1. Search the range 147-188 for residues being free of Cβ contacts under 8 Å to residues at least 24 places away in the same chain and of a type in the set (A, V, I, L, M, F, W, C), and hand back the single one that is nearest to residue 233 (Cα to Cα).
2. Quickly run through the range 19-71 and pick out the residues that are assigned to a loop (DSSP other than H, G, I, E, B), within 22 Å of residue 105 (Cβ to Cβ) and either touching a Ser or Thr at 6+ places or on another chain (Cβ under 7 Å) or in contact (Cβ under 8 Å) with a residue 12 or more places away in the chain (or both).
3. I need the full set of residues from the range 427-452 which are closer than 12 Å to residue 404 by Cβ and either at pLDDT below 90 or assigned to a helix (DSSP H, G or I) (or both), in order please.
4. Among the strands (runs of 3 or more DSSP E) confined wholly to the range 237-309, which include 1 or more residues that are surrounded by fewer than 16 Cβ atoms within 10 Å (Cβ to Cβ)?
5. Kindly indicate whether any position in the range 172-182 is of a type in the set (Gly, Ala, Ser), over 23 Å from residue 297 (Cβ atoms) and not assigned by TED's automatic domain parsing to the domain that holds residue 16.
6. Residues of the range 193-226 being among the basic types (Lys, Arg), closer than 18 Å to residue 245 by Cα and free of Cβ contacts under 8 Å to residues at least 60 places away in the same chain, which ones?
7. Among the residues of the range 24-40, is any in contact with a His (Cβ under 8 Å, 6 or more places away or on another chain) and either surrounded by 20 or more Cβ atoms within 10 Å (Cβ to Cβ) or polar (S, T, N, Q) (or both)?
8. If residue 411 satisfies every condition in (1) modelled with pLDDT of 85 or more; (2) touching a Lys or Arg at 6+ places or on another chain (Cβ under 8 Å); (3) assigned to a loop (DSSP other than H, G, I, E, B) but one, which is the exception?
Amino acid sequence: MDNCTFTHMCVKQTAEGMREGLTHFSGPSRTAVIYSIQPKDPIYIYDPQNLLAGHEPKIKELYIDSDAWREKTAIGYDKKKFSNLIPEKNLELAGLISYGGRSSSVVYQMWFTEHHPDMCSIGPTEMWIEQAVWRLSHDVANEEDLYTGISGNFLKEYATHAVRDYIVEKMNLLIGWDTRMRVYPILEAVLKISRTPEEGSWPKGKLIFVEKQSLSKLQFIAKFPEAERPELENIKHIRKLLQSVENSERKLVADEKTIIGIIKGDSPDFSIAAEFNGSYGFLELNSNKVCSFSDGCFQSTTRKAKLVQVEEALLDSDMDSEDASTLFKIISEIVHNAAKLRHGCAIVVDLNTPPVLISSQSLEHPLDLKKHDELELAKSLSRVDGALHIGADLKLHEFACLLDGHSIPHEYRARGARFNSALRFTAEHENVIVIVVSSDSPVSVMMDGGVLDAKCLLKPSIFAAPMLLQKWADTSDSVYY
């Protein structure tokens, strides 16, 4: 195997491992990389799912029209060195997270992945990409004879490490490098508690972890004697104690080894917090969400319904942009309320004038959803069987609507009556969007008899192998323009 073929193999395995790992962490994800190995080598691209489509002008400007990226290289080439890595910052391309670096074994590399709209924080994903930069430098330096092929598998299982690395980086910036607070035991305890039921119920309440130096600053309403403090490893005991702070402003306080006591009110200047909400929860750093967790895994999602498709459909409509923005906020509040309370509902967003006729429970006067009290009533009415009927005038015209229509070829037999009735209804009415919230499934958005899907399609493309960036640019011109 020649050196170029070996390098391309390292790139592909690293990218695939990272893509699989990020897909579990954030939902369907794509990865791409732009790289050059030796100082005088041409620059290559690997973009197997067209992640960088639409960014061709900027990429050409940075890497083809200019040699500034090459001239910045200050590290001498040495294929046996990889640890002297100089980072390259995010390129700030819309919808993408990017991170790169320069080392003696790989003079330039810049990695990319999706910036999903529902991420608690991009920090762990940046740590993931940083690890990919380091792994590729390491593999290229080792060459074929010492290559283990482990990088892809390592990146596939990197979620907990990415969360830990992000917290440690922030912790060092906030409180200094001399902290003795260990993060791995904290993360392990959080995941174990999250999947430990007590009398058939999943955990609820807040557990915060603080440095020992901060304990004296806290106002405890209950504190355990030092000799009797529950060990963090005693998950069942901690799960029972968590009931003492359930549905309240109280918090359990721990260091990285034991439960110290219970406080109420503000947390200390620095803390790592786990907020348990039953079947899921959130990990926070100083009250800022880092990620969520469920089923024993960390995930990037805010766990709020993704309504990107609704927002795009409203912006593409003939509505005034301000009204479209207000209507989107109204819909989001109703959907998120239904998801939070775990009840199903359906919303008909009718952009026709006058609105279409639907069999329903009508109202003598439509509810003005710009008014707080009337919006709150609409949220409650969404629990009644049938759909809400909201017009482009930002008013609720009817509720308990029965959506009917003729059978269509691409119905989803595995889904319920609410879903398929909505699908049929949109097939027979123009300028109508229907949002279906299921108590146990993702939110579905339908229009014109189909389900709108904002997820990326992970299909192989014509760029499914590393290629010269110049060739990619020339090919992109013929494919996309």
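The values are calculated or read from the model by the stated rules, or taken from the named source; none is laboratory data. Because the structure is predicted, anything quoted here is derived from the model rather than measured. We place every Cβ from the backbone using ideal geometry, glycine too, and count neighbours over all the protein chains shown.
1. Looking at residues that are free of Cβ contacts under 8 Å to residues at least 24 places away in the same chain and of a type in the set (A, V, I, L, M, F, W, C), I get 168.
2. 37, 38, 39, 41, 42, 43
3. 427, 428
4. Values: elements: 250-254, 259-264, 272-277, 280-285, 288-294, 297-299.
Because the criterion is at least 1 residues that are surrounded by fewer than 16 Cβ atoms within 10 Å (Cβ to Cβ), the strands (runs of 3 or more DSSP E) in the range 237-309 that meet it are 259-264, 288-294, 297-299.
5. Checked the range 172-182: at least one residue is of a type in the set (Gly, Ala, Ser), over 23 Å from residue 297 (Cβ atoms) and not assigned by TED's automatic domain parsing to the domain that holds residue 16.
6. Once the filter is applied, which keeps residues that are among the basic types (Lys, Arg), closer than 18 Å to residue 245 by Cα and free of Cβ contacts under 8 Å to residues at least 60 places away in the same chain, the range 193-226 yields only 223.
7. Yes, the conditions are met somewhere in the range 24-40.
8. Checking residue 411 against (1) modelled with pLDDT of 85 or more; (2) touching a Lys or Arg at 6+ places or on another chain (Cβ under 8 Å); (3) assigned to a loop (DSSP other than H, G, I, E, B), the one that fails is (1).
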